[in-house]
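Chemist: Sharing a structure with you now.
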């Protein structure tokens, strides 16, 4: 075997929990009386990503880049148009999109989601107990005493008194509600939690409480997170690896440290420099991106970022760059013609 | 004084704003003293509900019906004379003349601040003609020039477009153009970039700084983002529960914060590049209900340094060099 060959994660890696392969989600654009399909919004366009057990993978990007759609595809609130979502069930590694109805139901228990807006994701006419009780009953916890005990325990684990379970959502503040939503996601013992902007609706002083709580729970319960947010500093604080998305594609994935100090994609560089840093000592020069994000219904030809890229060269307008690992770090993937990546032929299939 | 004009463009003294909500009285702004230096940028930071927007609306006298100003003083020093803003009728001629010409405001949500049924150009032209006797054509020409300055491509064509044809960032540029069209001396920007993406936010902030250099107006920028004030502001006022708890130059606030709230606020946000190793230090508890304000220092229930004396309201202590802090810990003057 060639020494230079770079190994991509596959089903034989014991610690890979979720492997997303060439996932696509297109939303049809309809027009006219007969709702004829006239085009597609390519919300998620050919994304491959793996998530290891116990790690946090951050997804960042501007609004409309498809990060929430990708999250929803992972929990299967959206049915992907094409691609595979391979998940490790015990010893077996199987595509969740090909499961039988019964297996799908069991799979839902393993993957849960925390939503962005804690005000609209709790039913105002149900108290906390009912909100927690239903999913547990549905997923086969028959003993009511046991369920109640578990709810009390869950509330305590998110630093709320157990007797709050008989209260209604309006009695809680935003931070408390988000903690309740996190506890609710955990009530069926999931392995993977997809967190969609869990702190962006919260005040700055409350954000830190929720972020720290999520980290503690991860350590305690050995959870795996897919953490979606637009705020790169929050994502960096939470994640082991960060994927930067732009117009439905992942532009770059790297360990959070190397992404900040060693960004390879011009979009990542611009995104990093656009974030206002609450310190006044070291100020880097700001890279200002021209213009707006193009429409995902009609993404630019070639590299999707070339219309706003300051390093754009001829090839960028014609050929779409491949998403490949960099030469010095096999875990650092980038999709850019200018980045030094390994040759596709060196990849082990 | 060597200069003719006052060094400050706007001063607030003991400003209070209250709202009648049913039988309750909500004290949104509770005695704000503030000096805004001419030609500089003042950053007003605080969490939601701390009264920063209400303060701005009170300066413009744009409070909703339920709101009233029981006491306080807002003085505006312009090159046309001094105006005591609170003495005038909010709907009267003096203030209508002031608003939009001398002091203008950019609101948080550009979508809600533009009228969807009028063309962009007409909305800006109306602004010009409200304050100046100029023919429509001249006003339109000026509008196009202004939009060009804000780097809106094809400005001649875009003035004929309706708001829904603009993207969020473009709409906010139109709002800035509208705010600056009458060459105001003071621009109040209320969370101007909160509804925008980070890359667009960077564009807008850069633009505001460039225009300020060119036209020399004063900015009050209201935000909850410490990063934005670190970029934009010369002076920073930190607000908590209707009071300014700390005021100072940007350097002082970031390098030598004196109030425990400012310190906690700086420690509770993740900083890009510091990674996940250093743990955030959250502020305990929640912001209290503004209708049931704690007695004494309003931050005391959440403060790590709370003492017995905190039950009485701390006055403003000078920490040195115009750096003020409302905390008993700063009594000695060195801000521990």
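Chemist: Could you please let me know if residue A:257 is surrounded by fewer than 17 Cβ atoms within 10 Å (Cβ to Cβ), under 22 Å from the mean Cα position of the chain (by Cα) and at negative phi?
Modeler: yes
Chemist: Does any residue of the stretch A:283-292 turn out to be over 30 Å from residue B:251 (Cβ atoms), more than 14 Å from chain B (Cβ to nearest Cβ) and either without any contact (Cβ under 8 Å) to a residue 40 or more places away in the chain or touching a strand residue (DSSP E or B) at 6+ places or on another chain (Cβ under 7 Å) (or both)? Give the derivation first.
Modeler: Step one: of the stretch A:283-292, the residues over 30 Å from residue B:251 (Cβ atoms) are A:290-292.
With more than 14 Å from chain B (Cβ to nearest Cβ) added as a condition, the list becomes none.
Within the stretch A:283-292, none of the residues are over 30 Å from residue B:251 (Cβ atoms), more than 14 Å from chain B (Cβ to nearest Cβ) and either without any contact (Cβ under 8 Å) to a residue 40 or more places away in the chain or touching a strand residue (DSSP E or B) at 6+ places or on another chain (Cβ under 7 Å) (or both).
Chemist: Turning to a different aspect of this structure: Which numbered condition trips up residue A:155, out of (1) in a helix (DSSP H, G or I); (2) without any contact (Cβ under 8 Å) to a residue 24 or more places away in the chain; (3) closer than 30 Å to residue A:18 by Cα?
Modeler: (2) is the only condition that residue A:155 fails.
Chemist: Those residues that are surrounded by 17 or more Cβ atoms within 10 Å (Cβ to Cβ) and facing chain A (nearest Cβ under 7 Å), I need them from the stretch B:248-257; list them, please.
Modeler: Result: B:250, B:254.
Chemist: A follow-up question, please. Can you name the residue in the stretch B:258-280 that is in contact (Cβ under 8 Å) with a residue 12 or more places away in the chain and in a loop (DSSP other than H, G, I, E, B) and is also nearest to the other protein chains (Cβ to nearest Cβ) among such residues?
Modeler: So the residue we want is B:280.
Chemist: Do any helices (runs of 4 or more DSSP H) lying entirely in the stretch B:25-118 carry at least 1 residues that are touching a strand residue (DSSP E or B) at 6+ places or on another chain (Cβ under 8 Å), within 14 Å of another protein chain (Cβ to nearest Cβ) and at pLDDT 90 or above, and which ones are they?
Modeler: Helices (runs of 4 or more DSSP H) meeting the threshold: B:52-60.
Chemist: For the stretch B:183-244, please list each of the strands (runs of 3 or more DSSP E) lying entirely inside it that holds at least 2 residues being surrounded by 23 or more Cβ atoms within 10 Å (Cβ to Cβ) and within 13 Å of chain A (Cβ to nearest Cβ).
Modeler: Values: elements: B:186-190, B:218-223, B:235-240.
Where strands (runs of 3 or more DSSP E) fall fully within the stretch B:183-244 and carry at least 2 residues being surrounded by 23 or more Cβ atoms within 10 Å (Cβ to Cβ) and within 13 Å of chain A (Cβ to nearest Cβ), they are B:218-223, B:235-240.
Chemist: Here is a check on your reading of the model: is residue A:195 surrounded by 20 or more Cβ atoms within 10 Å (Cβ to Cβ), away from chain B (no Cβ under 14 Å) and not in a helix (DSSP H, G or I)?
Modeler: Working: surrounded by 20 or more Cβ atoms within 10 Å (Cβ to Cβ): yes; away from chain B (no Cβ under 14 Å): yes; not in a helix (DSSP H, G or I): yes.
Considered against the rule, which asks whether it is surrounded by 20 or more Cβ atoms within 10 Å (Cβ to Cβ), away from chain B (no Cβ under 14 Å) and not in a helix (DSSP H, G or I), residue A:195 comes out as yes.
Chemist: Could you tell me whether any residue of the stretch B:313-321 is within 14 Å of chain A (Cβ to nearest Cβ) and either out of contact with any strand residue (DSSP E or B) (no Cβ under 9 Å at 6 or more places or on another chain) or part of a loop (DSSP other than H, G, I, E, B) (or both)?
Modeler: no
Chemist: Conditions first: (1) touching a helix residue (DSSP H, G or I) at 6+ places or on another chain (Cβ under 7 Å); (2) away from every other protein chain (no Cβ under 14 Å). Residue A:263 passes all but one, so which condition is the exception?
Modeler: (2)
Chemist: State whether the residues of the stretch A:290-305 include one that is surrounded by fewer than 22 Cβ atoms within 10 Å (Cβ to Cβ) and assigned to a helix (DSSP H, G or I).
Modeler: Looking for residues that are surrounded by fewer than 22 Cβ atoms within 10 Å (Cβ to Cβ) and assigned to a helix (DSSP H, G or I), one finds none in the stretch A:290-305, hence no.
The values are calculated or read from the model by the stated rules, or taken from the named source; none is laboratory data. Keep in mind it's a predicted model, so treat the numbers as computed, not measured. Glycine also receives a Cβ, built like all others from the backbone with ideal geometry; neighbour counts cover every protein chain displayed.
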